[in-house]
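None of the figures in this text is laboratory data; all of them are computed from the coordinates on show. Here the structure is a predicted model, which means the values were calculated and not measured. As a convention, Cβ positions derive from the backbone with ideal geometry for all residues, glycine included, and neighbour counts pool all protein chains shown.
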Amino acid sequence: MELSGMRLRHAPRSLKDIFDNDELGLLKDVKAVQKAATNHQLLHSLYSEIADFFRRHGKLPDTQGALDEKRLARKWQAALDNKEHREILLAGDELNLISEKPSDETVVQQAAMQVQSLDDIFANDTLGLLDTGNTEIFHIRHVRDNSSKPYAGEETAQRRPCKDFWRFEAWFKQIHAALQNGTAHMERLKTETFLQPGDAFLLGGVLCYIAGYAETEARQSPRTNLRLRVVYENGTETDILTRSLARAVYKDENGRKIILHETIEFSDGLESSSKEDLITGYLYVLKAISPKPELARFKNLYKIGFTTGTVEDRIANAENDIAFLESPVRPVLSFECRNINPHTFERLIHAFFAGQRLNLKLVGKDGKQYTPSEWFDVDLDVIEQAADLIVRGEISRYRMDNTVGKIVLKESSIV
């Protein structure tokens, strides 16, 4: 019997036979497993981590710190407690991070340590035996991980010295006086209510004031989230996103918003340091052309706001901005602010008309609820009168009579 075109095969007797008979090349990419890192390599890697931490923070990691710092501190201490590992580390200690001899206190503390959780086990894995290995495949490149968060990366803001703090010193003193004499009180935020220029609040135990916007460009969002310039009573300032600030005050257990019972005149804050006439902004009064049906009952509904640019630019996208009730608007009054702080001007007039402020929840085009903050149900001539009193520095002598809707002289000012 003749067998043609067939090849007799024998069972492989070694790995070499398997690789030699790999006719289809299925095993060509198989490589020898790399040897595990030596103790010296692992300890060198640990020392590099500690050195990087020391350079960034000026100290060694502490077991009382954050979770990552705590884990690094325990791995470091476990390595130092091992005599052999300690000698290896000491030989390459370029930054003199290791003392020649461990202190008695350290030895006692480490002897008393007990494993209480999985975190303790992983934290004490000095040689990284429990590491997950190379996680490079989990690192996604060329993909924006913040595509759904247009403000990601802008949550934090660095404080810096406030160069014109002298302008706010008297204001902070007046707020303290108002809190002491009962003409102002502190109130906890019930929700992440937006804060705006002119608002005062307590954050981290420090009195703060929103001096204005740190930027004016609109973002690609139906709800603006601009950076605010926040001045702290300790003489520092920062630029922080509107929503981030509201969230910080809301989450702070001692965070409070300062509520003024009556208008306080801040003459030092209004005056400009320049002797020359300087246009600092515009205070404007607007009326909605086609307001929502639920606003029909408000016959004298006006928005009072300010801008450092032109009024025309500010209202250019009114139909898509909840600040303008998502309605086209028309300017009815405009005040050119010269040598005066427009933020303070706006805050004063808003506080004066607090009783006439629109307090109504509306639903925006995106289906979300919002409460207008700069709309007031008040006669136009009354708004103009209040603005004139602020400019002349006499607003503190008057009050708004909510019954008749008119400005009247305070009893204490009547001679």
> Amide H to amide H, which residues 5 or more places from Ala214 or on other chains are under 5 Å from it, using H placed in the peptide plane?
Replying inline: Arg227, Leu228, Arg229
> Relative to the present Cα-Cα distance, how much length would full extension add between Lys16 and Val391 at 0.36 nm per residue of separation?
Replying inline: 125.4 nm
> Length gain on complete extension for the stretch His261 to Ala296, per 0.36 nm per residue less the alpha carbon to alpha carbon distance?
Replying inline: 9.7 nm
> In a solvent-free Debye calculation with one equal scatterer on each Cα, what is log10 I(q)/I(0) for the stretch 335-404 at q = 0.15 Å⁻¹, listed in the order of the q values?
Replying inline: -0.58
>> Show me the GluC sites (Glu not before Pro) within the stretch 326-403 that DSSP assigns to loop and that have at most 13 other Cβ atoms within 10 Å of their Cβ.
In response: Glu394
> Tell me, what HN-Hα J-couplings in whole Hz come from the Karplus equation 6.51 cos²θ - 1.76 cosθ + 1.60 at θ = phi - 60° for each residue of the stretch 237-245, using x for Gly and Pro?
Replying inline: 8, 8, 10, 9, 5, 3, 5, 5, 5
> Magnitude of the Cβ-charge dipole of the stretch 328-415, K/R +1 and D/E -1, about the Cα centre, nearest 20 debye?
Replying inline: 280
> Cα-Cα over 19 Å: which of Lys257/Lys406; Lys190/Lys299; Lys292/Lys361; Lys292/Lys365; Lys303/Lys361?
Replying inline: Lys257/Lys406; Lys190/Lys299
> Two-decimal Rg/Rh of the stretch 279-409 from alpha-carbon positions, Kirkwood Rh?
Replying inline: 0.96
> Evaluated at 4 °C with a viscosity of 1.567 mPa s, what Stokes-Einstein diffusion coefficient in µm²/s does the stretch 39-91 have when Rh comes from the Kirkwood expression over alpha-carbon pairs?
Replying inline: 116
